[in-house]
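Enquirer: I have a structure here, written as structure tokens, and I will follow up with some questions on it.
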Amino acid sequence: MTDEETVDEILDGSLKIRQSARGYRFTLDSLMLAGFASVKPRSVNLDLGCGNGILALVMARRHPLTRWIGLEIQEGLAKLACRNVEQNGLEKRVAIVAGDARDVGRAFPSHSFDNVLFNPPYRKMSSGRMNPLSEKAIARHELQGSLADFLAASKVLLKPKGRVFTIYPATRLVELVSLFRRTGIEPKRMKLVFSDASSDAAFVLAEGRNGSREELKMEPPLYIYDAQKTYTPEMKKLFSDLAAPPEACGG
């Protein structure tokens with residue numbers, strides 16, 4: 001570890017994640033998505049835009065009979081993700097590939113994955129201040145990939161009836177559903193995420209299925225904090241014994 005990196009322990013210390021001290025760091029979004037996604041044993045899965053590898057590593061640890069590939073456009077983050085895979089001894093089940101979600105045909109054969117998971121950049125180019133650190137800016141703003149790009153890539157890579165799992169701002173739910181259907185991926189399951197019981201919905205967790213029929217299940221909501229501003233029991237199940245809490249949701 002260098003002065004420019006931290007190591008955070010999650011899942012009761014069973015995973016150690018190296019992160020840039022100043023650049024991209026994982027947020028609650030990834031942990032909530034990992035808790036929402038469901039994958040079958042022996043499935044082959046893709047973490048699209050994997051960052052430092054957090055989502056693929058959590059899923060691989062929780063589902064020991066699954067295989068994972070992480071695709072990351074930023075070379076520095078891809079190298080860091082590789083180091084995280086090695087540090088956690090998951091080289092046999094997790095691989096990291098440097099590549100662009102907008103050109104997935106160069107990296108993978110068509111229809112080769114059972115599930116695709118992603119926590120996409122979801123701040124529009126004109127939305128909010130652009131972070132001066134390019135690593136954070138690319139991860140947060142739609143500079144080098146958007147929801148539409150990630151769904152188009154998923155359509156190419158998913159097997160018939162394969163599934164997509166994602167998290168997206170609740171204010172853009174209409175856009176999410178529209179893009180799912182335009183891509184030929186039918187929304188099947190959703191869960192709204194609230195900061196607390198008195199707040200508006202902040203995010204939506206969504207599952208879509210490739211080429212499926214229309215039928216949507218809306219699950220009970222997830223609340224991050226209780227009235228005392230501490231994590232709810234549902235959130236505590238998603239992580240424990242963190243060396244330091246991740247950045248706030250969407251941070």
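Read-outs: derived from the displayed coordinates by stated rules, not from any lab. Bear in mind that the values here come from a model prediction, so they are computed numbers and not experimental data. Glycine gets a Cβ as well: all are built from the backbone with ideal geometry, and neighbour counts include every protein chain shown.
Enquirer: Find the Rg to Rh ratio for segment 5-236, where Rh is the Kirkwood radius over alpha-carbon pairs and Rg uses the same atoms. Walk me through the numbers on the way to the answer.
Expert: Values: Rg = 16.8 Å, Rh = 17.9 Å.
Here the Rg-to-Rh quotient is 0.94.
Enquirer: State the antiparallel share, in %, of DSSP beta bridges confined to segment 5-236, rounding to the nearest 5.
Expert: 50
Enquirer: Give, in whole angstrom and from largest to smallest, the semi-axes √(5λ) of the equivalent ellipsoid of segment 17-116, with λ running over the eigenvalues of the Cα gyration tensor.
Expert: 19, 17, 13
Enquirer: Here's another thing I want to ask about it. At a 10 Å Cβ-Cβ cut-off, how would you order Ser38, Ser112, Ser154, fewest neighbours first?
Expert: Ser38, Ser112, Ser154
Enquirer: With the contact rule set at Cα under 8 Å and sequence spacing of 6 or more, what percent relative contact order holds for segment 5-236?
Expert: 15 percent.
Enquirer: Same structure, new question: For segment 1-67, what is the Kirkwood estimate of the hydrodynamic radius, computed as the reciprocal of the mean inverse distance between distinct Cα atoms, to one decimal in Å?
Expert: 12.8
Enquirer: Follow-up. Would you mind pulling out the separation of the Cα centroids of segment 1-52 and segment 200-238, in Å?
Expert: Here the answer is 19 Å between Cα centres.
Enquirer: Sorted by average packing, counted as other Cβ atoms within 10 angstrom per residue and highest first, what order do 46-53, 160-167 take? Can you show the working numbers first?
Expert: On the way: 46-53: 28.6, 160-167: 22.0.
The packing order, highest mean first, is 46-53, 160-167.
Enquirer: Follow-up question, since we're still on this one. 5 Å is the cut-off here: which amide hydrogens, built 1.01 Å from N in the peptide plane, fall below it relative to Arg189, excluding neighbours closer than 5 in sequence?
Expert: Glu207, Lys217
Enquirer: Still on this structure: Using alpha carbons only, what's the Rg to Rh ratio of segment 184-223 with Rh from Kirkwood?
Expert: Values: Rg = 11.9 Å, Rh = 10.9 Å.
Using Cα coordinates only, the ratio equals 1.10.
Enquirer: Further question on the same structure: Hey, which lysines would be in cross-link range of Lys161, C-alpha to C-alpha under 28 Å, not counting anything within fewer than 8 residues on its own chain?
Expert: Lys161 reaches Lys40, Lys92, Lys188, Lys191, Lys217.
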